[in-house]
Amino acid sequence: MLESSLKVAPLSPAVQRRRTFRRPGLFTVLLGAGCGVLFLLVLAPLYSLLSKAVENRDGEFVGLANFTHYLQMGGIESAFFNSLWVSALSMVIVVSLAFMAAWAITRTRLPWTGWIRGALVLPILAPSLLPGISLVYLFGNQGILNSWMMGADIYGPIGIVMGSCFWTFPHALMILLTAMENADGRHYEAATALKASGWRTFWTVTVPGARYGLVSAAFVVFTLVITDFGVPKVIGGQFDVLATDIYKQVIGQQHFEMGAVVSILLLLPALLAFAADRIVQRKQSASLSARSAPYKPPHNPGRDWLGAAMLTPTLVFIVAIIGMAIYASLVTFWPYNLNLSFSNYRFDLMDGGGWGAYTNSLLMALGTMVLGTALVFFNAWLMERTPQSKTMAGFFQFFALLPLAVPGLVLGLAYIFFFNHPDNPLNGLYGTLLILILCTVTHFYAVSHLTAVTALKQLDKEFEAVGESLKASRWRVLFTVTLPLCLPAILDVALYLFVNAMTTVSAVVFLYGPHTQLASVAVMSMDEAGDIAPAAAMAVMIMLTCAGAKLLQGALRAWLDRATRAWRRGA
Amino acid sequence: MNQTIQGSRLALRDVEKHFGDFCALKQIDLTVEPGELVCFLGPSGCGKTTLLRIIAGLEQQSAGTLQQGETDISHKPPRERDFGIVFQSYALFPNMTVSDNIAYGLRSIGMPRQAIRERVEALLTMVGLTDQTRKYPAQLSGGQQQRVALARALAPSPGLLLLDEPLSALDAQVRQHLRGEIRQLQKQLGVTTIMVTHDQEEALSMADRVVVMNNGVIEQVGTPLEIYQQPASAFVAAFIGAMNFLDGAALDSHRVRVGNHDFSVQTPVAEADRLCLAIRPEDVHLLPVGQGDWDGRVLAMDYLGAFIRTRVQLEGLEPTLLVDVDPRSARQLGLAPGADVCISLPAEALHCFAA
């Protein structure tokens, strides 16, 4: 009875050939389409930007004249070197602090580490404009701690470094925590058995074990700071960096070709850091394969106190910055009327788009989340779980990771050149919410892609083969097996995209239109207009929204974890 | 419900597989008879798994044809072929219960619900897991998971069952037990089965015929006994069981000289300056001094339970000879490291290979 239903009628050779090659063909075409989409969203705009940099205002080719001009203006000496040293200094500070915090969390028996971790990664939920605003309230001319500055000005490199440290800290911390949590307890046991002192163990086991994490965190922080626009915009004062220079050239002076020139200067260090990081990552994956026993920190109160001492300054700094922003947003009129009220939250009375901007941001973030998660997962699935040639998969991987090297401002400017071009059939998108969504998906594509690929790689590589043998299509395996197993990663990617879409300023600052103002941009415009308290209020709204999303996602993951405990852990 | 399956005949003709310049399979010609259990045996990298994947359609052969029953399946995608497969990792769907895993393939072919339920029940009875239906794979032991994978593969009554190292993820004891169980089930169902393994004991104890592979070619096809007793090449001789190799030269078609000793062999040899004489350790006769052909001295003795593997240094010969003796004979001979012994190599146990 069964056999009869399985019999397949013999086919003529021609039909057979077609059927053989049609099926992989479909997946190849689909991934080709994925490459095409990313080509349109990344490479084509970048090409427009590059060509703009070698043209004059009338669109004539002028070679490197624009670069020479920028050099003569002294842009290299000021903005370029300023960017480099500020980023390098922030990198050193953040990586040191994050390493100390990660050590305290993973190598001591401090209590409440769950809460501490939660507090330390809070900055990720806030737009990078928020620390700038808080720092003004703390150390500005009317700031409550102005005396601590001892006459120095918070507007300038000091403020940029402090603000950058605040918002890049969680990125470094998460990388280092991952690197240090994977430590092999046996290495520590071996060190103890060989009579190594705690100090020697630290330098011979802990640091080497975290070295890839340290290098990776350094590159990430450097890239984040040098490409960031929010902090220097609010607190940079007269101190030029590349990111604010692009903005000034384009928005202030309408020098689009000079904006393109500065973008390329900004692209160079970011690309270098990206390439270096990829090389390091490749080495790391080779060293992580061994099975290891988890490390348990020894019982040692002295060590715990040391950990607490290393954590506390960072924790206080982060909580102070966030607390200051919330407090400032609630104070009726700084510093004359310190009564608390919600008057600063009446955004409709201010410039910058009011509550409409907030709604737009919410819509844009939701759109980015839905479209981005779907696009990222589908493409990652095609690349990982369907038959693809090595060349095709390699191409796609390149397209998917490239956005990691492209600073948001550069991407946004490239989008203007590409999508606003009158000959581009897609120029109807310009000024719509959709282009903001597409740009944001692209901006944050690489990390989402890596998360999705990691999740898909963890699945048994034979699921599809078993499906084929059981006459199930790859689609059925996708919906009945792959997607359910990847749900946690899907939720992570969704949250990542939502939070970044809510907080980003850099790419979208060039792309919003009269009807698509965004909350994060509103923070900037209100700050620019001198409405600093409402700017703080809007930044707090963004942070609260992201925190709400994080809580919701946490609840969903906890529910999912409970619902699927039986098949995940066999309990 | 009738649980027997009409096993299909499988014929491979001149199958080749190239990965770039690397030739993974060369001129594979093989026929598997209906209901037969055939093992592909060889060291890792010999091409046995690639061949299995080609039979499944998971890899495309570079040349050659495959025929299953009357159908040419050379260019069919896996979904249009008729086989069930069990992987080394089992690849059970972790988010589905045991029953859902087994029913997966039945739902693909649109079997009615009631029929699926009956079929799943019958399969669970067959593999002895009727009390585990609602459990998830992670809640089962390795052996139980293996059985679920087997039931899932057999559910749509395929004409061909492919097993890719199905037992290598299990403990020795469970493995022993499942060997017998799988073999019995396979015989009972009559499903044609191909099993890939690198474990010679597994291959010899389970298979009707063993296909020994090395470097992408088939070295020998034969029953376990043939493979063991009449190895077709030095590789097969060395790969299956233990074997002593002695370099020598042919004197005439039935006499071979090794060192300064001459030995007669039963199968005629081509006259050549260099050839290789082979004998299994258990076929060497160990005798008191003066009663054998060749004097030697015991170097070492390893007690391996039922027998003792003795390493003997022969006079005037550099390589040492392995000899298996049972403990009683060893006692009678007074075997001990350093003791003098004498050996003889019976003609009927000597194999000759080209050097």
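Since every read-out is calculated from the coordinates, none of them should be taken as a lab result. Keep in mind that what you see is a predicted model, and the values were worked out from it rather than measured. Note that we place each Cβ from the backbone using ideal geometry, even for glycine, and neighbour counts take in every protein chain shown.
Things to note:
- Ellipsoid fit via the Cα gyration tensor, region A:148-222: semi-axes of 35, 15, 8 Å, each the root of five times an eigenvalue, largest first.
- Oblate is the label for region A:224-320, because a/c, from the alpha-carbon gyration tensor with a ≥ b ≥ c as root eigenvalues, is 1.5 or above and a/b does not exceed b/c.
- For B:Arg297, the shell of other residues with beta-carbons less than 12 Å away shows a net charge of -2, using +1 for Lys and Arg and -1 for Asp and Glu.
- Summed residue charge, Cβ within 11 Å of B:Ala91's Cβ, Lys/Arg positive, Asp/Glu negative: -2
- Modelled FRET efficiency - R0 25 Å, A:Ala276 with A:Met149, Cβ distances, 0.05 increments: 0.10
- Karplus 3J(HN,Hα) series, Hz, for region A:108-120 with 6.51 cos²θ - 1.76 cosθ + 1.60 (x for Gly, Pro): 10, 9, 4, x, 6, 5, x, 5, 4, 4, x, 5, 5
- Rounded D (µm²/s) - region B:244-354, Kirkwood Rh over Cα pairs, Stokes-Einstein at 4 °C, 1.567 mPa s: 91 µm²/s
- The HN-Hα couplings worked out from phi for region A:46-52 by the Karplus form 6.51 cos²θ - 1.76 cosθ + 1.60 (θ = phi - 60°) are 4, 4, 4, 5, 4, 5, 4 Hz, whole numbers, x standing for Gly and Pro.
- Whole-angstrom gap from region A:418-469 to region A:32-73, using each part's C-alpha centre: 23 Å
- Just so you know, the Rg over Rh for region A:317-415 is 1.21, from Cα atoms, with Rh as the Kirkwood radius.
- Two-decimal log10 I(q)/I(0) for chain B, as the Debye equation yields it once each C-alpha is a single scatterer, q = 0.09, 0.10, 0.15 Å⁻¹: -0.63, -0.74, -1.18
- Shielding value for B:70-78 is 5, the average number of Cβ atoms from other chains within 10 Å of each residue's Cβ.
- Span from the region A:470-528 Cα centroid across to the region A:339-416 one, whole angstrom: 5 Å
- Residues whose placed amide H lies under 5 Å from that of A:Val505, excluding near-sequence neighbours: none
- Trypsin sites (Lys or Arg not before Pro) lying in DSSP loop within region A:217-318, provided at most 15 other Cβ fall within 10 Å: A:Arg291
- Surface/4 of the Cα convex hull for region A:367-506, nm²: 9.5 nm²
- Per residue, the convex hull around the alpha carbon atoms of region B:115-158 comes to 67 Å³.
- Positive minus negative residues near A:Val241 (Lys, Arg vs Asp, Glu; Cβ under 10 Å): -2
- DSSP-assigned coil residues among trypsin sites (Lys or Arg not before Pro) in region B:84-156, each with at most 14 further Cβ atoms within 10 Å: B:Arg134
- Over the C-alpha trace of region B:187-314, radius of gyration and Dmax come out as 17.9, 57 angstrom.
- Hull-based mean projected area of region A:48-95, where the convex hull spans the alpha carbons, in square nanometres: 4.4 nm²
- Relative intensity, log₁₀ I(q)/I(0), of region B:145-217 from a Debye sum that treats every alpha carbon as a point, q = 0.16 Å⁻¹: -0.57
- Taking packing as the residue-averaged number of other Cβ atoms within 10 angstrom, the listed peptides A:510-520, A:537-547 run from highest to lowest as A:537-547, A:510-520.
- A Cα-only calculation for the protein assembly as shown places Rg and Dmax at 36.1, 118 Å.
- Span from the region A:206-237 Cα centroid across to the region B:317-344 one, whole angstrom: 72 Å
- Residues with amide H under 5 Å from that of B:Leu299, placed H, sequence gap 5 or more: B:Arg311, B:Val312, B:Gln313, B:Gly338
- With a Förster radius of 56 Å applied to the beta-carbon distance between A:Ser96 and B:Cys23, the computed FRET efficiency rounds to 0.55.
- Cβ-derived FRET efficiency at R0 60 Å, B:Arg328 paired with A:Val370, nearest 0.05: 0.15
- In this structure the amide hydrogen of B:Val86, modeled in the peptide plane, comes within under 5 Å of the amide hydrogens of B:Leu162, B:Leu163, B:Asp164, none closer than 5 places in sequence on its chain.
- For region B:225-285, applying the loop criterion from DSSP together with a ceiling of 14 other beta carbons within 10 Å to the GluC sites (Glu not before Pro) yields B:Glu271.
- Between A:His421 and B:Thr31, the simple spin-label model (points 7 angstrom out along Cα→Cβ) gives 6.6 nm.
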